[in-house]
Amino acid sequence: MFSLDQLIDRARDFRPSLDSKRVRAAFDFVQELYGDRRRLSGDLYVTHFLSVLNILLPLKPDEDTIIATLLHGVFSSTDVSPDLLREKFGPKVTSLIESLQTLRTMRPHPDMIDAENFRQMILALAKDLRVLLIRFAHSIHNLEMIEHLGDPQKQKIFARECLEIYAPLASRLGIYIFKSRLEDLSFRYLYPLEYANIEDQLAKFGKEKGRFIDEIVQKLQNFLAKNSIEASIDGRFKSIYSIYRKLKRKGRASIDDIFDVFAIRIVLPTHMLSDRESIEHIYMLLGLLHSEWTPLANRFKDYVAVPKPNGYQSLHTTVIGLSPKHFHQPIEVQIRNERMHRDAEYGVASHWLYEDTKSKSTTFQKDSFLNSISEKEKDAIAPNKRFRSQMEWLRGLSKLQ
């Protein structure tokens, strides 16, 4: 278990101006409220708030969001009034917690027949997307502790809500680190036999063929060095739920019957040319790869020129001949730059697109966002068409209100 001091130290790595006294005051407040009260797991209530904050920290939340995360359950499980909270921690923190409480009272149809309408309603009622990020982190921790949540029927309803509502929302917002965790944790509980089957197959695959990933990475590293290209390379297995969906879609039972169980990712430096982001080196590398190994024509996707609606950008190609001997399968390779990679992992939270805690609003504002980041980052994105389109997409979400 981690302490509040450890979490504050981590937050200061990306928020040097963090007011630790204000954060400690919030934690002391919930400690006094909950005392020795314990959750069904037997853990102290306050450990849940610390766990949720720990899950959220990789998204580099601002100060108000950190404090709201520590206080996020007070309206549902204590008799604290909004006025008292507003007096102690300000109107912005209180507004975040009130929105979270609104989401807690909403429940979709148990059979998810209204799932898409419900997702739209959540986006409209959340008002500030930081509310959703806290809700995602809260749901992830509850899924991790789901065996302690009591009534099995309620557990299934909650897991299905996470799988059908919150995971798609995380995907829509481009926050893949949350999307995959929500999917895998929900899937493990809702379909334990299918989950265990794929987990066992992956373990066997990794034991027998996992070394091939290292060999492919080494082969690519040698290829890049030969061409004097600087990049980082890693290989990863796709998520269990993602593999399950591929198997189901293709009518297969074994992961040996599909070739995109894992992907190789090449991340290039972000290059700037005058006042814009240059992507020529990304396509140049693609051409070099295709000249060295044979691409599958129907497996190429250009999300750099045509990003996904949530802003995701990357080149996806599948080539033949890159795999080592005795592993005669096509290999999927993803190519992106560092900025695209950051956006791919954290989506709308990649730059923390929100007002500073001392400003007057928590709505999306391009000017205030640009004022909150470094000059180097500002130069990189201010004229960027992708950034402008993403901001328009986010403003479009707010119109649902």
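Read-outs throughout are calculated quantities, based only on the coordinates presented, and are distinct from any laboratory measurement. This is a predicted model, so every value here is computed, not measured. Cβ coordinates were reconstructed from backbone atoms using ideal geometry, including for glycine residues, and neighbour counts include every protein chain displayed.
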Task: Which listed pairs, of Lys209/Lys325; Lys179/Lys308; Lys92/Lys127; Lys207/Lys238; Lys60/Lys127, have C-alpha distances above 18 Å, in listed order - done: Lys60/Lys127
Task: Paramagnetic label zone (point 7 Å from Cα along Cα-to-C-beta, Arg10; backbone N under 17 Å) in the stretch 32-60 - done: 46-60
TODO: Report, please, the projected area of the stretch 67-208 averaged over directions, based on the convex hull of its C-alpha atoms, in nm².
DONE: 9.9 nm²
Task: Residue-wise HN-Hα coupling along the stretch 295-304, computed from phi with Karplus coefficients 6.51, -1.76, 1.60 (Hz; x: Gly, Pro) - done: x, 8, 4, 8, 10, 9, 9, 9, 8, 7
Open item on the list: Tell me the Kirkwood radius of the chain: reciprocal of the mean inverse pair distance over distinct alpha-carbon atoms, in Å.
Closed with: 23.1 Å
Open item on the list: Need one number: convex hull volume per residue for the stretch 1-136, Cα atoms only, in Å³.
Closed with: 122 Å³
TODO: Using DSSP, restrict attention to beta bridges with both residues in the chain and report what percent are antiparallel, rounded to the nearest 5.
DONE: 75 percent
TODO: Return the ratio Rg/(2.2 N^0.38 Å) for the stretch 1-74, where Rg is computed over Cα atoms only.
DONE: 1.05
- [ ] Obtain the nm distance between the two label points defined at Met121 and Ala196 by a simple spin-label model: each point lies 7 Å from its Cα along the Cα-to-C-beta direction.
- [x] 3.7 nm
TODO: Give me D for the stretch 104-157 in µm² s⁻¹, whole number, from Stokes-Einstein with Rh from the Kirkwood sum over alpha-carbon pairs, 10 °C and 1.306 mPa s.
DONE: 127 µm²/s
- [ ] Compute the Kirkwood hydrodynamic radius of the stretch 133-198, taking the inverse of the mean of 1/r over all pairs of distinct Cα atoms, and give it in Å to one decimal.
- [x] 11.7 Å
Task: Relative contact order of the chain, defined on C-alpha pairs under 8 angstrom at six or more residues apart (%) - done: 14 percent
Open item on the list: Quick check: the distance between the Cα centres of the stretch 236-297 and the stretch 89-115, to the nearest angstrom?
Closed with: 36 Å
Task: Extension gain, Glu292 back to Arg24 (0.36 nm per residue minus Cα-Cα distance, nm) - done: 90.8 nm
TODO: Starting from the Cα-Cα distance between Glu87 and Arg104, subtract it from 0.36 nm times their residue separation and give me the gain in nm to one decimal.
DONE: 3.8 nm
Task: Cα extents of the stretch 136-247 along the three principal axes, largest first (Å) - done: 59, 32, 23
Task: Additional length obtainable on full extension of the chain from Glu208 to Ile320, 0.36 nm per residue less Cα span - done: 38.3 nm
Open item on the list: To make sure I understand the rule: partners must be aspartates and glutamates, Cα under 19 Å from the Cα of Lys88, and not fewer than 8 residues away in the same chain. Which ones qualify?
Closed with: Asp19, Asp28, Glu32, Asp62, Glu63, Asp64, Asp79, Glu98, Asp356
- [ ] Please give every one of the aspartates and glutamates within straight-line cross-link reach of Lys248, meaning a C-alpha to C-alpha distance under 18 Å, and leave out same-chain neighbours fewer than 8 residues apart.
- [x] Glu164, Glu183, Asp184, Glu194, Glu199, Asp200, Asp256, Asp257, Asp260
- [ ] Kindly rank 84-94, 226-236 from highest to lowest mean number of other beta carbons found within 10 Å of each residue.
- [x] 84-94, 226-236
